[in-house]
Amino acid sequence: IQSRDGLLELNLEASLSPLNFNAQQAYLMSYNRQLPAPRLEAKAGDTVRIHLTNHLQQPTNLHYHGLHVIPTGTGDNPFLSIPPQEQFTYEFTIPQNHPSGIFSYHPHHHHLVAEQVFNGLIGLFIVRGEFDTIPEIEAAKEEFLVFQDFALDAGGHIQNTNQMDLMRGREGNLLTVNGQIQPDLKIARGGLLRLRLLNASASRFYRLSLENHPFYLIATDGRSLSEPVESEELLLAPGERAEVLVKGEQEPGHYRLLNLPYDRGGMSMMGGGMGMMGGHHSMVNTNQSMPQVLATFTYQGTSNPLPLPTKLMPVESLATPKKVRKIELSMTMSMGMGMNMAFLFNGQEFDPNRIDAEVKLNSIEDWELINVDPDGMAHPFHLHINPFQVISRNGQPEPYRAWKDTIVVRGDEMVTIRIPFRDFTGKTVYHCHILDHEDLGMMGIVNITA
Ligand code: C2O
Ligand code: CU
Ligand code: CU
């Protein structure tokens, strides 16, 4: 769905309804009965007007992940609640100088985010602009890949979660790309393929590699790198996006897009927890030890050889700020009647009535994200509205400069990010993008004032 004459206007109906899925009927939550949700496309400067109707039996709302837009009123406001059977119209403008890239939209209703996203409510939001007009990028074949995982019971309903699912973040054993299991994608021999990737899962990490083909990373989250970076694999945590170019230079054939094993830490407390949870079936499949096939690529036809671009969009260098803030990421678990757990920033659970960080508009801050989780689990930290750059990990500078809005902080890691707060005042949030952790308290409020 594209904008026309500077306006992106559409109706989105959130419902729980039967959909055709993997040759069976599944009862999933969707927007407009589509899985993944319709892809929205706008340009910098456009007005966005979305009429959301809530046909779910629980409240919901919308968040525009990664967009640099107004965080209050009818903009990217995470504090709204749209009750069942009601409608709400979101309306905001994408700034004229907004970068072009991959963003997403999904619900953000506290305590219901993991459930609603895991049930299917998430889609791509693309902003088009200058980046897309770089000749080699324009000439490349564009493919969107949206990764979602599901756990269905025999009746086609999403499985219930247990305590372990919540602790790790819920994952399903059905891995889908664009709503399909192992789709086959076509690539022309000699040409360039531009893969635009979104991890739309609630908790699953994807460590991607494409057989016999390196990736040339050209964008991280919603923004261009300054030049392509060659890599053999790519880690995408929940909420993260990336763009890569793939050269169609191999022998014609089928090549598999693989999800390689990845250890996101955090099994040490499991032993203790297991006893309490004994007997319960878990949907979690965290001990993946074999590569999984996500999709295949098949060469079809030939095209004129295309070179890689040498230069992309410049990535601004940010001045070193005086203001440094520390945020500790942790969890607690207590055994009482059942098991209680909470995920925390600086020892506190989310409180909608507390401001955790007061910042000044037009200031730059360094935030030190320190993972002190006793269980050593990796947490993908995400900030709304204002993108940031990673400065260092455990004191080691990053190899190249890039914009991000979601960044993995592994167990025992300290990641320093540099954030310019620009253009918009108001309250917004930062949180762990393992959505069960967000729902269980790992979220804070930042208030930006003039
Ligand atoms: Cu994609 Cu606040 O999240
Ligand atoms: Cu977001
Ligand atoms: Cu987390």
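Give the residue, chosen from 96, 85, that is in a loop (DSSP other than H, G, I, E, B) and farther than 22 Å from residue 428 by Cα.
Residue meeting the stated conditions: 85.
Any residue in region 178-185 that is touching a residue at least 60 places away in the same chain (Cβ under 8 Å), loosely packed, with under 15 Cβ neighbours inside 10 Å and either charged (D, E, K, R) or in contact with a helix residue (DSSP H, G or I) (Cβ under 6 Å, 6 or more places away or on another chain) (or both)?
yes
On the given criteria, is residue 20 free of Cβ contacts under 8 Å to residues at least 60 places away in the same chain, buried (at least 21 other Cβ atoms within 10 Å of the Cβ) and either within 19 Å of the chain's Cα centre (by Cα) or under 30 Å from residue 180 (Cα atoms) (or both)?
So residue 20 fails the test.
Of the numbered conditions (1) crowded, with 21+ Cβ neighbours inside 10 Å; (2) within 12 Å of ligand 1 (Cβ to nearest atom), residue 110 fails exactly one; give the number of that condition.
The single condition residue 110 does not satisfy is (1).
In region 393-446, which residue that is part of a strand (DSSP E or B) and aromatic (Phe, Trp, Tyr) is nearest to residue 347 (Cα to Cα)? Write out each step before concluding.
The initial filter retains those residues of region 393-446 that are part of a strand (DSSP E or B), namely 393, 396-397, 403-404, 406-409, 414-420, 426-432, 443-446.
Now restrict to residues that are aromatic (Phe, Trp, Tyr): 403, 430.
Numbers: 403: 28, 430: 15 Å.
Restricting to residues being part of a strand (DSSP E or B) and aromatic (Phe, Trp, Tyr), the top hit is 430.
So, of the residues in region 46-71 that are part of a loop (DSSP other than H, G, I, E, B) and more than 23 Å from residue 223 (Cβ to Cβ), which turns out to be nearest to ligand 2 (Cβ to nearest atom)?
61
Which residue out of 161, 133 is hydroxyl-bearing (Ser, Thr, Tyr), surrounded by 18 or more Cβ atoms within 10 Å (Cβ to Cβ) and more than 16 Å from ligand 1 (Cβ to nearest atom)? Talk me through it step by step, then tell me what you get.
Details: 133 fails: surrounded by 18 or more Cβ atoms within 10 Å (Cβ to Cβ).
Of 161, 133, the one residue that is hydroxyl-bearing (Ser, Thr, Tyr), surrounded by 18 or more Cβ atoms within 10 Å (Cβ to Cβ) and more than 16 Å from ligand 1 (Cβ to nearest atom) is 161.
Restricting to region 233-249, give me the number of residues that are surrounded by fewer than 16 Cβ atoms within 10 Å (Cβ to Cβ) and at pLDDT below 95. So that I can check it myself, show each step before the final result.
Going through region 233-249, the residues surrounded by fewer than 16 Cβ atoms within 10 Å (Cβ to Cβ) turn out to be 233, 249.
Cutting the leftovers down to at pLDDT below 95 gives us 249.
Total satisfying the criteria: 1.
Return the only residue of 412, 439, 423 being touching a residue at least 12 places away in the same chain (Cβ under 8 Å), more than 20 Å from residue 102 (Cα to Cα), in contact with a strand residue (DSSP E or B) (Cβ under 8 Å, 6 or more places away or on another chain) and among the acidic types (Asp, Glu).
Numbers: 439 fails: in contact with a strand residue (DSSP E or B) (Cβ under 8 Å, 6 or more places away or on another chain); 423 fails: in contact with a strand residue (DSSP E or B) (Cβ under 8 Å, 6 or more places away or on another chain).
From the options 412, 439, 423, the qualifying one is 412.
Name the single residue, out of those in region 354-413 being of a type in the set (Phe, Trp, Tyr) and crowded, with 20+ Cβ neighbours inside 10 Å, that is nearest to residue 341 (Cα to Cα).
381
The values are calculated or read from the model by the stated rules, or taken from the named source; none is laboratory data. Keep in mind that this is a model prediction, so the values were computed, not measured. When we count neighbours, we look across all protein chains shown, and the Cβ atoms used for this are built from the backbone with ideal geometry, even at glycine.
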